[in-house]
Amino acid sequence: MDVVTLGETMVSFTPQATGLMRYARHYQSAFAGAETNTMTGLSRLGHQTGWISRVGDDELGASVLSFVRGEGIDVSNVMKDPTAPTALMLKEMLNEENVRVYYYRQHSAASNLQPKDIDEAYIARAKYLYITGITPALSSSCLEAVQQALTYAKKHSVKVIFDPNLRKKLWEENHARKVLLGLAAQADIVLPGVAEGEFLFNVQDEKKIARRFIENGACTVITKLGEHGAYYVAGKEEIYVPGFKVKAIDPVGAGDGFAAGVISGLLDGLSGEEAVRRGCAIGAMVTTTSGDIEGLPDRRLLENFMAESREDVSR
């Protein structure tokens, strides 16, 4: 197994027309989960991925399992919970520039994830454990499950990659700050955004953000700068990696695609700089389509996109 993750994937419903949701009559369904977005990106690039979670023993849970399994992600460690439902997310498209998101995930099946649900042998077989700051926000037992996964990863020398992926709606800010910093301190690689750096350290400069995460315990920090690329720090190496110019349609999921690209590059033995460049490329590609995963490429699409970008720069 190349990468294992844990977290919640929800069924997402979006009205087919813009405006207040109270007037919506027709909805389009999709699936939303930061961790499975990243695993989907990795799977499409040919890497072996696994997901630890719980879904409700209901039709929505069956649809989530079918979708994730269909993307080539191993679901052998996903449990059906007969006592709780699969979570929902609703998107209200007021207009093209104003989108409101509503979560219905309290007391969901995934929020019941327990430390006992984490299989030590499953973690031990992986090269990387990928975690985000979303899962520990769901419940105290989810936080304990994440800590258990980290303990097993450390025990078996599995590298830990952490994306803070801050969701302020899910928890109280002081508690969030304490937990996220604690998780970041146990990670080998941290993938923050500037907004998350500001929330955790009250600084906006990417160099200062990276320095603070290094001081906190991380070995490598890659600060995401949106369309401007990313700032990479590892040991004495500090590099700005430029972004890719695209016509962005939907930014949702770009960070998950970025993580997939970086991890894929590391698995392929690329240098840190080239791995981050791959991350920037996939992040950019994701923004060119609507939806979280629709723009995630396979190898051929990725190689063509990066080659065409190099040609544009050289002209």
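The relative contact order of the chain comes to 14 percent, based on Cα pairs under 8 Å that sit 6 or more residues apart.
Of the GluC sites (Glu not before Pro) in segment 148-227, the ones in a loop by DSSP (not H, G, I, E or B) with at most 13 other beta carbons within 10 Å are Glu172. Restricting attention to segment 153-234, lysine pairs at least eight places apart or on different chains and with alpha-carbon atoms under 29 angstrom apart total 24. Checking every one of the trypsin sites (Lys or Arg not before Pro) in segment 1-77 against DSSP loop status and a limit of 14 other Cβ atoms within 10 Å picks out Arg25. About its Cα centre, the dipole of segment 180-235 is roughly 120 debye, where the only charges are +1 on Lys and Arg Cβ and -1 on Asp and Glu Cβ.
Averaging 1/r across all pairs of distinct Cα atoms in segment 1-80 and inverting the result yields a Kirkwood radius of 13.5 Å. Helix content alone sets the calculated 222 nm mean residue ellipticity of the chain: runs of n ≥ 4 DSSP H residues at -39500 (n - 2.57) each, divided across all residues, give -12000 deg cm²/dmol. Loop-located trypsin sites (Lys or Arg not before Pro) in segment 160-251 (DSSP state other than H, G, I, E, B) with a sparse environment of at most 14 neighbouring Cβ atoms within 10 Å: Lys236, Lys245, Lys247.
Every number in this text was worked out from the coordinates using simple rules, so none of it is lab data. Nothing here was measured: the structure is a model prediction, and the numbers come from that model. In this analysis, Cβ positions are derived from the backbone assuming ideal geometry, glycine residues included, and neighbour counts consider all displayed protein chains.
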